[in-house]
Amino acid sequence: MSNQPEIISGAVHTDHRGSISFINDFLLDSIKRFYTIEPADVTIVRAWQGHRTESKWFHVIAGSFKVVAVKIDNWENPSDDCEKFEYDLSANSPAILHIPGGYANGFKALEPDSRVMIFSDFDVQQSAGDDYRYDQNKWYNWNNISNSI
């Protein structure tokens, strides 16, 4: 695994029976839990939650999302110009975004009824001990994104 966020690509196979989407290169060995998030509407921003050690994997299962990861330079007082990585993820293009420890993440649905599944290599108690929160407007202007990809 990389020390930077990275996309694990998947594909879709379609035949007369329908279609199957898959991400065969996503290995579940280190996963301890998963959960889904479905924002109430496209105005909701979930940002910024960071982890020094915990890794997260994002898989959009309906709709689309803008996901931004920020490399934290100082956990107690991070600078305003931390390095950012931006991703547009869609259920129509099977992929998983891996965000390793050392980053804060934020995301926003780009269309109604979007859902994202998030996998973690920490259980809930471990995650709570490695949780850092920052103001949602610190590193990114969420109002400047288009609500579709």
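The values are calculated or read from the model by the stated rules, or taken from the named source; none is laboratory data. Since this is a predicted model, take the numbers as computed values, not measurements. Here the Cβ is made from the backbone with ideal geometry for all residues, glycine too, and neighbour counts use every protein chain on show.
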- LYS108, sole failed condition from (1) closer than 22 Å to LYS84 by Cα; (2) of a type in the set (Lys, Arg); (3) out of contact with any Lys or Arg (no Cβ under 6 Å at 6 or more places or on another chain): (3)
- Task: Report, ordered by the first and then the second residue, all pairs with beta carbons closer than 8 Å, sequence separation of six or more or different chains, a first member in segment 122-148 that is surrounded by 13 or more Cβ atoms within 10 Å (Cβ to Cβ), and a second member that is assigned to a helix (DSSP H, G or I).
- Result: GLN136/TRP142
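Considering every residue within segment 50-71, establish whether at least one is in contact with a Cys (Cβ under 6 Å, 6 or more places away or on another chain) and crowded, with 22+ Cβ neighbours inside 10 Å. Break it down into steps so the answer makes sense when it comes.
Within segment 50-71, the first condition is being in contact with a Cys (Cβ under 6 Å, 6 or more places away or on another chain), and the residues that meet it are 70-71.
Those left that are additionally crowded, with 22+ Cβ neighbours inside 10 Å: 70.
Within segment 50-71, one or more residues are in contact with a Cys (Cβ under 6 Å, 6 or more places away or on another chain) and crowded, with 22+ Cβ neighbours inside 10 Å.
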- Task: Can you confirm whether segment 59-73 contains a residue that is within 25 Å of GLN126 (Cβ to Cβ) and among the hydroxyl-bearing types (Ser, Thr, Tyr)?
- Result: no
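Could you identify the single residue in GLU76, GLU111, GLU86, GLU54 that is modelled with pLDDT of 95 or more, within 21 Å of TYR140 (Cα to Cα), of a type in the set (Asp, Glu) and in contact with a Ser or Thr (Cβ under 8 Å, 6 or more places away or on another chain)? Lay out the reasoning, then the answer.
Details: GLU76 fails: in contact with a Ser or Thr (Cβ under 8 Å, 6 or more places away or on another chain); GLU86 fails: in contact with a Ser or Thr (Cβ under 8 Å, 6 or more places away or on another chain); GLU54 fails: within 21 Å of TYR140 (Cα to Cα).
Only one candidate qualifies: GLU111.
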